[in-house]
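Below: the structure, in structure tokens.
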Amino acid sequence: MVFFLIIFGIVLVAADQIIKYWAAEVLMPVKEMSFIHFGDIEILGLKYTENTGAAFSSFRGEKWFLIGFVSLMLVFLVVFTIKYKYKRPVFLISSVMIISGGLGNLIDRIRMGYVIDYLDVKLFNFAIFNFADICVVLGAAMMLVFILFAEPKLAKADEEQKEQNDEQA
């Protein structure tokens with residue numbers, strides 16, 4: 001499982017960096033292009049932006065704060081996962097998604113001082129984002145649902161199984 005998680009994380013970070021490279025090489029010169037649409041209704045566009053802030057451009061220009069904060073959060077998540085020895089696949093996969101997304105954006109922020117964003121929702125007014133952001137949000141949503149709903153039931157089942165094993169011994 002650990003080998004799979006490491007490969008999964010590497011693939012996510014590599015995919016993020018490859019897409020951002022494409023955005024810098026192909027999308028930046030044209031600034032914007034159509035991506036997904038139904039007839040005249042544009043759903044998702046591609047728009048090159050350099051975000052010096054965090055989500056929704058909050059903390060704009062606070063490069064070192066964001067580098068420090070994201071680094072601490074990534075270390076915390078790794079240590080938390082290792083310390084509490086979470087073995088549940090959903091928790092581990094969601095952790096890897098959050099870590100990979102955070103690492104993808106951290107690489108940009110350290111290397112260039114900004115994060116390349118390119119996905120522009122056209123159906124409604126929304127922040128422009130990237131693949132790493134999707135990894136963080138989906139991973140966090142999966143983890144939240146797991147912790148709130150699945151983990152209590154799984155922990156109860158584990159406890160019942162342990163009691164059953166103790167009775168049989």
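Each value in this text was obtained by applying a stated rule to the coordinates, not by laboratory testing. It should be emphasised that the depicted structure is a prediction, and the values quoted were computed from it without experimental measurement. Neighbour counts are summed over all protein chains in view; Cβ atoms, including those assigned to glycine, are modelled from backbone coordinates with ideal geometry.
Mean 1/r over all different Cα pairs, inverted: what Kirkwood radius does the range 15-75 give, in Å?
13.8 Å
Taking 7 Å along the Cα-to-C-beta vector as the label spot, tell me the LYS63-PHE35 distance in nanometres, rounded to one decimal.
2.6 nm
How charged is the neighbourhood of LYS47? Take every other residue with its Cβ under 9 Å from the Cβ of LYS47, and add Lys/Arg as +1 and Asp/Glu as -1.
Net charge around LYS47: -2.
Quick one: what do you get for the range 79-164 if you divide its Cα Rg by 2.2 N^0.38 Å?
Compared with the compact-globule rule of thumb, the range 79-164 sits at 1.44.
If you count, for each residue, the other Cβ atoms within 10 Å and average over each peptide, how do 35-42, 147-154 line up from highest to lowest?
147-154, 35-42
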